[in-house]
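The values are calculated or read from the model by the stated rules, or taken from the named source; none is laboratory data. Everything quoted here is computed from the prediction, not taken from an experiment. Neighbour counts run over all protein chains shown; Cβ positions are idealised from the backbone, glycine included.
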Amino acid sequence: MEIKKICCDLQENIVRWRRHFHRYPETGAEVPETAGFLAHALTEAGLIVNHNMGGHGLTALLEGVQPGPCLAIRSDMDALNLEEETSLPFASEIPGRMHACGHDAHMAIALGAASALSQIRKQLKGSVKFIFQPAEESFGGAQKMIEAGALEQPKVDAITGLHVGGIWEGFRPGTVGYRFGPMFASRDHVEITITGKGGHGAMPHQGIDTITTACQAVCTAQSIISQEISPQEPAVLTFGIIQGGTYYNIIAEKTYLEGTVRTLGEKTRNFLAERIPQVFEDVTRSRRADIYTRYTYSYPVLVNDPGFTEFFSHTAKNLLGSENVIQIEEPTMGSEDMAYFLKEVPGTFFFLSTRNPEKGIIYPHHNPRFDVDEDVLWIGSALLAQTAWSWLENNREGR
Ligand SMILES: [Zn+2]
Ligand SMILES: [Zn+2]
């Protein structure tokens, strides 16, 4: 049975589903309508749906007629708090919300894979569990689902999933990108409040100026990246917020800073979690100011399993031709909470390029004009379904 052909025939449905999700976006953990739509479509395709997996998350099990292991296919569900500016006929009907990261396409692609596999269920040797998770953009969707048991009953033995868009540039639409090892960075969060002593701007010696202190501390903290970490090891420290002061000639008593920290390895990640607050404290104390720091660990590094990725790349090349399947050279310093699933279960997260300059689909993720080239969505479904099918076929022994 030709999975590619089945998915190609499903293209019209996949586009219809994508447009539905696009029209009615929901954000964060609150995705009840999206979950309802998915549950209905999955039940119709003959899957057993399990609701309320960590809030509005859901799993859907497709049991093959023959016994075997279980592979999971994961899709995120949430949109962004953003006003759409695409003027597409199926643009968001909910003010201030938009699917601008392609999660609408992920859901439609996963539904396509579910429909395709349900058509060949009688030959399926094991089961495929579809995991639909909320709150990828905000925080905690994947973690909550794992805690709620999404990877149990049956136990998930391997996992796959994808991200569409233009994360990696220069890929033709419909091209698949994969990577061994780290592919997305860890994402941690630092919040700092420096408290000094206000006073007249003409007499700084009578006060304790938190703006000068903050500037000095930011520069010193940046030098951790250049001086204390191997130049071979990627790391990013970005302060996106610095707020202090009330008037141009008043010494700022308080300054607040907030930043993000990205790495591609746990060792560097832990080192920065210790050193950044330390440097801020040292600089602040040397200026006789007080400091409050909060450092929060968020998404871990997303790491693809070498063995599974080897299998995945062969499967993808057989299905799509090796010219359409490219090994990604550089990981992105963006983050992805699929990382939590891949920490528990071996698997591969891959990239499907849906950027198409010829059609004017050029805007980056999280842009109000973001769009995807719908013509290639069926390729995502075919690759997910083929990966599941072939992996179950290869791993049915030894259970
Ligand atoms: Zn996003
Ligand atoms: Zn995304």
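Of everything in the range 41-55, what is modelled with pLDDT of 95 or more and within 25 Å of the chain's Cα centre (by Cα)? Give them in sequence order.
Ala41, Leu42, Val49, Asn50
Could you check the range 159-185 and list, in sequence order, the residues that are surrounded by 23 or more Cβ atoms within 10 Å (Cβ to Cβ) and away from ligand 1 (no atom under 16 Å from the Cβ)?
Matches in the range 159-185: Ile159, Thr160, Val176, Arg179.
Determine whether the range 35-54 contains at least one residue that is within 18 Å of Thr387 (Cα to Cα) and buried (at least 17 other Cβ atoms within 10 Å of the Cβ).
No - not one qualifying residue is present in the range 35-54.
Please specify each residue of the range 82-108 satisfying the condition of being more than 16 Å from ligand 1 (Cβ to nearest atom) and either small (Gly, Ala, Ser) or assigned to a helix (DSSP H, G or I) (or both).
Listed by number, the residues that qualify are Ser87, Ala91, Gly96, Ala108.
Checking Ile120 against (1) more than 16 Å from ligand 2 (Cβ to nearest atom); (2) under 13 Å from Met338 (Cβ atoms); (3) of a type in the set (A, V, I, L, M, F, W, C): exactly one of these is not met. Which one?
Only one criterion is unmet by Ile120, namely (2).
Within the range 336-368, how many residues are in a helix (DSSP H, G or I) and away from ligand 1 (no atom under 15 Å from the Cβ)?
Residues that pass the stated criteria total 8.
Of Ala108, Ala91, which residue is on the phi < 0 side of the Ramachandran plot and more than 16 Å from ligand 2 (Cβ to nearest atom)?
Ala91
Have a look at Thr296, Thr309 and point out the one that is under 25 Å from Glu233 (Cβ atoms) and buried (at least 20 other Cβ atoms within 10 Å of the Cβ).
The unique qualifying residue is Thr309.
As an exercise: evaluate Val156 against (1) part of a loop (DSSP other than H, G, I, E, B); (2) of a type outside the set (Phe, Trp, Tyr); (3) within 13 Å of the chain's Cα centre (by Cα) and give the number of the one condition it does not meet.
Going through the list (1) part of a loop (DSSP other than H, G, I, E, B); (2) of a type outside the set (Phe, Trp, Tyr); (3) within 13 Å of the chain's Cα centre (by Cα), Val156 breaks only (3).
Pick out the one residue from Glu191, Glu147 that is in the same structural domain as Thr34 (by TED's automatic domain parsing), away from ligand 1 (no atom under 16 Å from the Cβ), surrounded by fewer than 20 Cβ atoms within 10 Å (Cβ to Cβ) and of a type outside the set (A, V, I, L, M, F, W, C).
Glu147 is the lone residue from the list that is in the same structural domain as Thr34 (by TED's automatic domain parsing), away from ligand 1 (no atom under 16 Å from the Cβ), surrounded by fewer than 20 Cβ atoms within 10 Å (Cβ to Cβ) and of a type outside the set (A, V, I, L, M, F, W, C).
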